[in-house]
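Structure first, then comments.
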Amino acid sequence: MTPVSIVMLRVVLALIPGAALYSWLFGWGVIFNIGLCIATAYISEALMLALRQRPIAIFLSDNSALVTALLIGLALPPLAPWWLPVLGTAFAMVFAKHIYGGLGFNPFNPAMIGYVVVLVSFPREMTSWAAPLTADHQTLNFTQTLALVFSGALPHGLHIDALTAATPLDTLKTQLHLNHSVDQIMSASPIFGAIGGKGWEWVNLAFLGGGLWLMYKKIISWHVPVATLGSLALIALVFFIIDPKLYASPLFHVASGAAILGAFFIATDPVSGAATLKGRLIFGTGVGLLTYIIRTWGGYPDAVAFAVLLMNMAAPTIDHYTQPRVFGHQE
């Protein structure tokens with residue numbers, strides 16, 4: 001195995017605990033999403049390599065397509081129709097990766113490009129999130145989920161509203177616009193847990209464990225995750241102190257949505273992120289601040305994908321101004 005394939009495989013291994021817990025809590029749809037994304041990623045990659053006259057077996061075995069597919073699959077709603085993960089993954093592989101020259105040349109994170117394309121294009125499908133097992137909602141078995149994903153068919157007498165619920169971030173954002181306080185919102189809705197959303201907090205804890213393992217194995221450095229989560233928590237703390245009725249706690253923002261997944265597995269992409277150590281701190285800080293700004297005042301309740309892509313655009317400039325000073329050279 002090549003060094004790249006080993007690194008990518010370790011990232012996959014670090015994602016497995018969170019993905020497994022996510023599947024258990026949110027149903028078979030998560031597994032269908034991941035499977036469709038993986039199949040589409042490898043097919044798209046093979047077709048593009050063939051068109052570019054590149055060796056297919058070598059590049060397919062580097063596991064980069066697998067990582068991209070996993071990230072997109074984990075980002076999509078568990079009850080998404082089959083064409084949504086297929087479309088998002090195909091766009092990510094073709095337009096966000098191979099159009100730029102393949103792995104190592106893409107200026108934007110391919111998984112986030114694919115996710116944002118379907119989020120902007122199909123907002124209705126992208127907001128139909130399955131409720132976790134910990135909430136008071138009905139669930140579907142394997143066969144019922146299969147029928148819903150591939151044909152849109154539900155069991156007789158069952159409506160989609162009985163299966164879905166708004167995410168904690170979406171619920172908080174919507175209810176705050178209705179002049180409810182944070183305490184009122186969290187106490188009235190069964191989707192909120194001790195520090196985040198029920199189910200979501202456990203999934204994020206598993207992703208945190210996987211991310212810390214990557215740091216231990218030196219696959220990623222601490223700079224981006226610490227800067228991302230630290231800046232998100234700090235700005236959340238400032239506004240929480242100003243008015244806790246209007247602004248959620250730092251712990252809620254860190255434990256909800258894709259903050260931890262983004263900090264350890266998305267913003268740490270070495271190709272589309274900053275390369276210098278100081279630059280990684282700036283890059284991560286920007287991701288954390290933009291995530292909070294968009295969550296609080298923007299149109300999207302989570303915002304990690306948009307924050308990462310915006311900082312991807314800034315990464316070359318950050319690297320330019322954070323190059324270490326050279327004091328001499330060896331003859």
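Summary of values
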item: Added length on full extension, which subtracts the Cα-Cα distance from 0.36 nm per residue, LEU154 to LEU205; result: 15.1 nm
item: Most fluctuating residue given options PRO123, PRO77, PRO244, as computed from a GNM of the chain linking Cα atoms under 10 Å; result: PRO123
item: Gyration tensor (Cα) of segment 152-208, equivalent ellipsoid semi-axes in angstrom; result: 24, 18, 9
item: Cα convex hull volume per residue for segment 1-84 (Å³); result: 81
item: ³J(HN,Hα) computed for each position of segment 236-248 - Karplus, 6.51 cos²θ - 1.76 cosθ + 1.60, integer Hz, glycine/proline x; result: 5, 5, 4, 6, 5, 5, 4, 7, x, 6, 9, 10, 6
item: Global geometry of segment 207-301, whether rounded, prolate or oblate, following the gyration tensor of its Cα atoms and the 1.5 cut on a/c; result: prolate
item: Estimated FRET transfer efficiency when R0 is 22 angstrom, pair LYS217-ALA20 (beta carbons, to 0.05); result: 0.70
item: Stokes-Einstein diffusion coefficient of segment 168-245, Kirkwood radius over Cα pairs, 10 °C, 1.306 mPa s, in µm²/s; result: 109
item: FRET efficiency, 1/(1 + (r/R0)^6) with R0 51 Å, evaluated for ARG325 and THR127 via beta carbons; result: 0.60
item: Theoretical ellipticity at 222 nm over the chain - DSSP helices of four or more residues, -39500 (n - 2.57) apiece, nearest 500; result: -19500 deg cm²/dmol
item: Accessible area in the full protein assembly, largest first, 1.4 Å probe, for MET313, MET8; result: MET313, MET8
item: TRP297 accessible area, assembled protein chains, probe 1.4 Å, Å²; result: 130
item: Separation in nanometres of the label points that stand 7 Å from Cα toward Cβ, at ALA275 and LEU178; result: 5.1
item: Rough spin-label spacing in nm, given labels placed 7 Å along Cα→Cβ, for ALA50 and TYR100; result: 2.6
item: Nonlocal amide H pairs with THR164, under 5 Å, H built at 1.01 Å; result: ALA131
item: Hull-based mean projected area of segment 250-320, where the convex hull spans the alpha carbons, in square nanometres; result: 4.4
item: Rounded to whole Hz, the Karplus (6.51, -1.76, 1.60) HN-Hα couplings of segment 301-310, x for glycine and proline; result: x, 9, 5, 4, 4, 5, 4, 5, 5, 5
item: Lysines with Cα under 27 Å of LYS245, excluding same-chain neighbours fewer than 8 positions away; result: LYS173, LYS198
item: Whole-number Å³ per residue for the convex hull built on Cα positions in segment 115-185; result: 129
item: Distance between modelled label sites at LEU146 and SER5, nm, 7 Å Cα→Cβ extension; result: 3.2
item: For PHE192, distant residues with modelled amide H under 5 Å away; result: LYS198
item: Protein-only accessible surface order, largest first, of GLU125, GLU45 at 1.4 Å; result: GLU125, GLU45
item: Whole-Å semi-axes of segment 206-257's equivalent ellipsoid (Cα gyration tensor); result: 27, 11, 5
item: Filtered trypsin sites (Lys or Arg not before Pro), segment 35-139: DSSP coil and at most 13 other beta carbons within 10 Å; result: ARG52
item: From phi via Karplus (6.51, -1.76, 1.60), per-residue ³J(HN,Hα) for segment 29-37 in Hz, x at Gly/Pro; result: x, 4, 5, 4, 4, 5, x, 5, 5
item: Heavy-atom accessible area per residue - the chain, 1.4 Å, Å²; result: 47
item: Long-range HN-HN contacts of ALA267 with modeled amide H, under 5 Å; result: none
item: Whether segment 129-268 is rounded, prolate or oblate, judged on the alpha carbon gyration tensor where a/c under 1.5 counts as rounded; result: oblate
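The values are calculated or read from the model by the stated rules, or taken from the named source; none is laboratory data. This one's a predicted model, so the numbers in the text were calculated from it and none came from an experiment. Positions of Cβ are generated from backbone atoms using ideal geometry, with glycine treated the same way; all protein chains shown enter the neighbour counts. For the accessible areas, the whole protein counts, side chains as well, though only heavy atoms, and no ligand, DNA or RNA atoms are used. Shrake-Rupley method; radii C 1.70, N 1.55, O 1.52, S 1.80 Å.
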